[in-house]
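Laboratory data are not the source of any read-out in this text; all were calculated from the coordinates shown. Because the structure is a prediction, the values reported are computed rather than measured. We place every Cβ from the backbone using ideal geometry, glycine too, and count neighbours over all the protein chains shown.
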Amino acid sequence: MDFGDALKALRNGKRVARASWKVKGYWLILVPGSKIVPQEGRPLGQAAPELVGATLEYQAHIDKWYGHGRIGTWSPSHDALLAQDWTVLP
């Protein structure tokens, strides 16, 4: 399936991956937007103390599971956007 179909699956709470990914076990999820409140002493509160205590909108984004307890944000490459090897995982 193409990335458009993969994005629909992500929006429906599914995990997706590419068949061509060399490392098996990687997958993507959609992290919905939420509200956060920066705290003093935490990274955002340290970097921007003027935001401590303010309610912020944390934007929706896609995360990639790298295995071994590691997850991080993911942005598609041109190759990923045009690929036809996306799959929905169980």
*Residue selected from the range 15-66 under the condition without any contact (Cβ under 8 Å) to a residue 24 or more places away in the chain and either aromatic (Phe, Trp, Tyr) or within 26 Å of Leu89 (Cα to Cα) (or both), by the criterion surrounded by the most Cβ atoms within 10 Å (Cβ to Cβ)*: Trp21
*Of the residues in the range 68-88, how many are exposed (fewer than 12 other Cβ atoms within 10 Å of the Cβ) and either touching a strand residue (DSSP E or B) at 6+ places or on another chain (Cβ under 8 Å) or of a type outside the set (A, V, I, L, M, F, W, C) (or both)?*
10
_Test: residue in the range 49-57 that is among the aliphatic types (A, V, I, L, M) and part of a loop (DSSP other than H, G, I, E, B)_ = yes
